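The values are calculated or read from the model by the stated rules, or taken from the named source; none is laboratory data. Remember, it's a predicted structure, so these values are computed and weren't measured experimentally. Every residue, glycine among them, receives a Cβ derived from its backbone with ideal geometry; neighbour counts consider all protein chains shown. These area figures cover heavy atoms from the full protein model, side chains too; ligands, DNA and RNA do not enter into them. Shrake-Rupley method; radii C 1.70, N 1.55, O 1.52, S 1.80 Å.
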Amino acid sequence: QEQLVESGGSLVQPGGSLRLSCAASGFTFFSIFAMSWYRQAPGKERELVARIASVGSTTTYADSVKGRFTISRNNAKKTVYLQMNSLNPEDTAVYYCNARRVIGSTLYDYWGQGTQVTVSS
């Protein structure tokens, strides 16, 4: 059964850095999945933070994190990373990992349980 497990969330001071990891298991063909990080702050809707394509590793970022966050993937380790620099309190949220792929007419969409990132002094 496919599973995504996030780790790396923590309390960090403004201006600090964190690296989140998302380890995938049960994925026979992990490399064909587009991988994304989403976040949800209290009282707000879940929003896309960054995405990395399955082919060519093209990346997309929310405007609010461009230049500060970097998404990457290691298909051999079936892991996706989110390097977060210059963190500010507005980055406080639960961060979720997502794997998505359309095969034929079927959407394969998987979510992790989330990891808490708190930016505070």
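Quick notes on this one:
- With 0.36 nm allotted per residue and the present C-alpha distance subtracted, the Ala53-Ser7 stretch has 14.5 nm of extension available.
- DSSP bridge orientation in the chain - percent antiparallel, rounded to nearest 5: 95
- A DSSP coil position with no more than 14 other Cβ atoms inside 10 Å describes the following trypsin sites (Lys or Arg not before Pro) in region 1-77: Lys44, Lys66, Lys77.
- Principal semi-axes in Å for region 18-120 [√(5λ), Cα gyration tensor, largest first]: 23, 14, 13
- Volume per residue of the convex hull around the Cα atoms, evaluated for region 22-73, comes out as 95 Å³.
- Gain on full stretching of the segment that runs from Ala23 to Thr106 - 0.36 nm per residue minus C-alpha separation: 27.6 nm
- Mean separation of Cα contacts under 8 Å (6+ apart) over length of region 47-121, as relative contact order %: 21
- Solvent-accessible area, 1.4 Å probe, carbon plus sulfur percent, for region 29-121: 50
- Dipole axis of the chain (+1 Lys, Arg; -1 Asp, Glu on Cβ), positive-most option in Ser105, Thr115, Ala93: Ser105
- Surface per residue (accessible, 1.4 Å probe) for region 1-120, Å²: 53
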